[in-house]
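The values are calculated or read from the model by the stated rules, or taken from the named source; none is laboratory data. The model shown is predicted, which means the values in this text are computed figures rather than measured ones. Here the Cβ positions follow ideal geometry from the backbone for every residue, glycine too, while neighbour counts run over all protein chains shown. Just so you know, the surface numbers come from the protein's heavy atoms only, side chains and all, with ligands and any DNA or RNA stripped out. Shrake-Rupley method; radii C 1.70, N 1.55, O 1.52, S 1.80 Å.
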Amino acid sequence: MSLFRKIFGSKSNASDDEIKSDERGKYMPEIKLPIDERFTINFKANGGKFLYCENLNEIFQNLQSILEENTWEDKTALVVDEHLISKFKSFGFKMSNKVSEASFFLTTCENLIANDGSLLISSKQIFEKKLPELPENFVVFATTSQIVENIGEGLRGIKAKNKQKIPTNITTIKHFKSSHEKDFLSYGSSAKNLYLLLLEDL
């Protein structure tokens, strides 16, 4: 995706012929940002921590940095997804499927929602548990192909991928700030300290 390659992969300066917003006429239509850029801006505005990775090695390096930053090296991760268990089994940290033993939750998601920076999850990730029952700390592994425009598009995708049995317990995580940083708009929602490991796959 051009945005991520531009931000993380290229050190060249932006071209001089880019149109600055103040040079556009007031009656010209607004420039719509690319979907990946909108997701990134909204996700960070919600308080999420975003780590873009071009390959699995970078995923592992960034995960190691997260563990060190939070002193989770000796802590247990809640991991319920069999694919994640197999992908990270060589990483060397403790995994459990019991919430009571875990300091953080390593999971995937259904989709990344661009228009509000939220994460769409379902029973495939959290089974029948409610968000407040899960650890406060989330580390989410996702790919750039999972970014969609809005929740409706995400729900249609879930339905299309799971024609035999549609997952239940579909919800979004949108607030990634601690309780003392939350405002009245996030009242009643479950805020999570969330890191997103985003793998480029497009």
Query raised in the report: Rounded to a whole number, what % of the accessible area of segment 121-179 do carbon and sulfur atoms account for, probe 1.4 Å?
Result: 51 percent
Report task. Name all residues of segment 42-70 having a backbone nitrogen under 19 Å from the label point set 7 Å from the Cα of residue 150 along its Cα→Cβ direction, giving them as ranges. Result -> 42-43
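For segment 25-169, what's the relative contact order in percent, using C-alpha pairs closer than 8 Å and at least 6 residues apart?
Values: 185 pairs, mean separation 35.3, N = 145.
For segment 25-169, the relative contact order is 24 percent.
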Report task. Would you grab the residues whose amide H sits under 5 Å from the one on residue 118? Only those 5+ places off in sequence or on another chain, please, with H modelled 1.01 Å from N. Result -> 113
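Would you mind checking 32/129; 75/177; 75/161; 87/177 for any pair whose Cα atoms are more than 32 angstrom apart? If you can, show how the numbers build up before the last one.
On the way: 32/129 37 Å; 75/177 22 Å; 75/161 34 Å; 87/177 28 Å.
Beyond 32 Å between Cα atoms: 32/129; 75/161.
So, for segment 64-177, what is the accessible surface per residue at a probe of 1.4 Å, expressed in square angstrom? Write out the running numbers ahead of the final one.
Numbers: 5780 Å² over 114 residues.
Ligands and nucleic acids excluded, the result is 51 Å² per residue.
Averaging sequence separations of C-alpha pairs under 8 Å and six or more residues apart, then dividing by the length of segment 78-131, give the relative contact order as a whole percent. All intermediate terms of the calculation are to be shown ahead of the outcome.
Working: 51 pairs, mean separation 18.5, N = 54.
Rounded, it is 34 percent for segment 78-131.
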Query raised in the report: Any idea how far apart residue 100 and residue 136 come out in nm if each label point goes 7 Å out from Cα toward Cβ?
Result: 2.1 nm
Report task. At 7 Å along the Cα-to-beta-carbon direction for both residue 162 and residue 64, put a label point, then send me their distance in nm to one decimal. Result -> 3.5 nm
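Multiplying the sequence separation of residue 56 and residue 27 by 0.36 nm and subtracting their Cα-Cα distance, what value in nm do you get? Show your work: numbers first, answer last.
Numbers: separation 29, 0.36 × 29 = 10.44 nm, distance 4.54 nm.
Working it through step by step, the gained length comes to 5.9 nm.
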